[in-house]
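Each remark here refers to the structure printed beneath this line.
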Amino acid sequence: MNAENFNRITKTAQSIVEMLVERNYTELEQLSGGVRLSAQAIERAVSQYGRTLCRLPAERWRYLDVVEITGVVPARFSVRVDLWTVEEGRSDLSLELTLIDYGKHLAVEIDDLHVL
């Protein structure tokens, strides 16, 4: 994967994590079309984890787990973000996304938000 794609994917993932940290669950559902997770499901997953989500340290974004899905048009990427909390730093909570490349923008599907 080229650096430009990785940077676009990282910026999109950062925006999504920011929405999680800010508890903008309805906005996340709207962004993803609620394809797999509703605002209520996202809120429930965060609430059940029982800790306060926070932004990842800037240097951690270079370790973003991105896999290009081959053989599909438009291009798609499976992305996993290890989330961080105020209480523990790097947590066991993981955000899984599918990002679909439509050229000018990346469409977002939130696949799961769960403990690994």
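The values are calculated or read from the model by the stated rules, or taken from the named source; none is laboratory data. What you are looking at is a predicted structure, and each value in this text was computed from that prediction instead of being measured. Counting neighbours? That spans all protein chains shown, and the Cβs are built from the backbone with ideal geometry, glycine included.
Here are a few things to note about the model shown:
- The single residue among Asp111, Asp101 that is charged (D, E, K, R), surrounded by 15 or more Cβ atoms within 10 Å (Cβ to Cβ), touching a Pro at 6+ places or on another chain (Cβ under 7 Å) and in contact (Cβ under 8 Å) with a residue 60 or more places away in the chain turns out to be Asp101.
- Considered as a group, the residues in the stretch 58-71 that are among the β-branched types (Val, Ile, Thr) and under 17 Å from Arg8 (Cβ atoms) include one that is farthest from the chain's Cα centre (by Cα), and that residue is Ile69.
- With a requirement of 3 or more residues that are surrounded by 15 or more Cβ atoms within 10 Å (Cβ to Cβ), in contact with a helix residue (DSSP H, G or I) (Cβ under 6 Å, 6 or more places away or on another chain) and modelled with pLDDT of 95 or more, the helices (runs of 4 or more DSSP H) lying completely within the stretch 1-91 that satisfy it span 25-32, 39-49.
- Any chance Tyr25 is closer than 19 Å to Ala3 by Cβ, free of Cβ contacts under 8 Å to residues at least 60 places away in the same chain and hydroxyl-bearing (Ser, Thr, Tyr): no
- Complete set of residues in the stretch 1-18 that are farther than 12 Å from Leu31 by Cβ and charged (D, E, K, R): Glu4, Arg8, Lys11
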